[in-house]
Amino acid sequence: MIPSFDQSMRDTFHPFNWELILSHADLLMSFGCHTIWIPYKFAKMNQPYTQSLLLYAYQSSASALVRVLRESGHSAIKPKHGAVFANIDAEGTRPSVLAQRAGIGKAAMGELVDDLERLGYVRRSHDPNDRRAKLVVATTAALAVIRTVHDFNQGLEDQYRRLLGAQAYESLRSSLQAISPRDDLQPRIPRQCS
C-alpha cells in the first residue's frame, strides 16, 4: 500500500507530478528509511528483449553441446567451429561459400578452417570443377563430430517438445521460422551421411 503524501511533502519534492507517478506505480522499493516508487513503464524496462532470450537459449545449448563433444573425445571443438560444421557440404565447400553461408568474413572463415585443419577435422583439396579453387572437405573426425551434433540436437528437440508440449513446441518453431531471415537449411551433411 502506497502512503499518501501531505502538501508539505509534495512541495518538498516539487516539480514531480506525484499524482501521475503514484497512479502508475507498480513497484515499491525500500532502502532503509527511504521508499522509492518506480513507475510501471520503468519497471517494465527490466524485461529482457526477445533477442536476449534467444541468445540465452543458444548459449545454454552451446555450452551443453561443448560438454557432450568433450565427453566424446572432441575437446578442441568450440562453438565458433559450428560455422564450418553446419555449412560444409558432404563433397566439400569453397571457403568463400562457407563464409557467406555463416555470415562472417572470408578472413575469419580462413582462420576457422586453418584451426580445424590443424586439429584434423578438415582438409583442403582441389576443386574438380576449377583447379585454381580449393574445397574444404570434412574428415572422418569431422563426420564423427557432425554425427554427435545431430544426436545432441535431436535430444534437444525432444526435450523442448516435452518441456513445452506439442502445440507450444510447434508454435515456437513456426514463430522462429517466421522471424528468421534465412531459407537455407543447416547442417548441410544429413545424419545418414555423417
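The values are calculated or read from the model by the stated rules, or taken from the named source; none is laboratory data. Model, not experiment: these values are computed from the prediction. Ideal geometry is used to build each Cβ from the backbone, glycine not excepted, and the neighbour counts take in all protein chains shown. Side chains are part of the model used for accessible areas, which takes the heavy atoms of the whole protein and leaves out ligands, DNA and RNA. Shrake-Rupley method; radii C 1.70, N 1.55, O 1.52, S 1.80 Å.
See the values below:
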| quantity | calculated |
| --- | --- |
| Computed E for residue 169/residue 100 - FRET, C-beta separation, R0 45 angstrom, nearest 0.05 | 0.90 |
| Rough spin-label spacing in nm, given labels placed 7 Å along Cα→Cβ, for residue 63 and residue 127 | 4.0 nm |
| Of all accessible heavy-atom area on region 132-175, the percent that carbon and sulfur account for (1.4 Å) | 53 percent |
| Heavy atoms of residue 127: accessible area, 1.4 Å probe, square angstrom to 10 | 10 Å² |
| Region 47-194: proportion of alpha-carbon pairs further apart than 21 angstrom, % | 50 percent |
| For region 69-80, Karplus couplings with θ = phi - 60° (6.51, -1.76, 1.60), whole Hz, Gly/Pro x | 5, 4, 5, 9, x, 10, 5, 7, 7, 10, x, 4 |
